[in-house]
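One structure is given here, and the rest of the page talks about it.
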Amino acid sequence: MNRTHSKTKAILAGATALLLVASLTPIKTSAATPHMKPAPAAAAQNDALDFDIVNATGYEIKQVLIAPSASADWHDDDDVLQGRPFPDGATLHISFSPKAAAEHWDIRVTYSIDNTYKEFDGLNLTKISKVTLHWDADAGKTRADIE
């Protein structure tokens, strides 16, 4: 795969421990999905990187990939949905492993309806708490509001 269609993972150790917990939950709830184990209460997380991603596109998203910006390829291991749908109106809370050290990250979302995708590169997750995705029909593309 080339950079146009994918991102390559360059930081193997950090990427392996990228996400310990990714739970798809309705807005304002914190219940973990049935097949995900909640993190132990004493387990440390990298709160500086944790954020919420909101699907306000009007469409279901089938894949949300997150990888360090230093990466060049996307891998199925980068998919925080793990095969679950991400419906319009839902919020996904992303929690990072304490071993995740990259400051800038790339996000790629792929729509269920037609397999089109949009990448958001170089996001400084230490300064971001929420990414809200919107479909901009006039521009014909996905945009993100960053908070």
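Of the residues making up segment 48-67, those that are among the small types (Gly, Ala, Ser) and more than 11 Å from the chain's Cα centre (by Cα) are ALA48, ALA56, GLY58. When you look at ASP145, is it of a type in the set (D, E, K, R), in contact with a Pro (Cβ under 9 Å, 6 or more places away or on another chain) and under 22 Å from ASP47 (Cβ atoms), yes or no? So ASP145 fails the test.
Among the residues of segment 90-126 satisfying the criterion of being of a type in the set (Asp, Glu) and closer than 16 Å to PHE51 by Cβ, which is surrounded by the fewest Cβ atoms within 10 Å (Cβ to Cβ)? Lay out the reasoning, then the answer.
Just the residues of segment 90-126 that are of a type in the set (Asp, Glu), to begin with: 103, 106, 114, 119, 121.
Still in the list and also closer than 16 Å to PHE51 by Cβ: 103, 106, 121.
Values: GLU103: 15, ASP106: 20, ASP121: 11.
For segment 90-126, the residue satisfying everything is ASP121.
The set of residues in segment 17-67 being closer than 17 Å to PHE96 by Cβ, among the small types (Gly, Ala, Ser), at pLDDT 50 or above and loosely packed, with under 14 Cβ neighbours inside 10 Å consists of ALA44, ALA48.
Just give me the residues in segment 127-147 being part of a strand (DSSP E or B) and open to solvent by less than 50 Å² (accessible area, probe 1.4 Å), in sequence order. Outline the logic, then answer.
First, the residues of segment 127-147 that are part of a strand (DSSP E or B): 130-136, 141-146.
Listed by number, the residues that qualify are VAL131, THR132, LEU133, HIS134, ASP136, THR142, ALA144.
Take the residues of segment 68-89 that are among the acidic types (Asp, Glu) and under 11 Å from the mean Cα position of the chain (by Cα): which is surrounded by the fewest Cβ atoms within 10 Å (Cβ to Cβ)? Step through it out loud before you land on a result.
Restricting attention to segment 68-89, the residues satisfying the condition of being among the acidic types (Asp, Glu) are 73, 76-79, 88.
Add one more test, that the residue is under 11 Å from the mean Cα position of the chain (by Cα), and what stays is 78-79.
On the way: ASP78: 23, ASP79: 19.
Selected residue: ASP79.
The values are calculated or read from the model by the stated rules, or taken from the named source; none is laboratory data. Just so we're clear, the structure is a prediction, and the values are computed from it rather than from any experiment. In this analysis, Cβ positions are derived from the backbone assuming ideal geometry, glycine residues included, and neighbour counts consider all displayed protein chains. Each accessible area value is taken on the protein alone, full model and side chains, heavy atoms only, with ligands, DNA and RNA left out. Shrake-Rupley method; radii C 1.70, N 1.55, O 1.52, S 1.80 Å.
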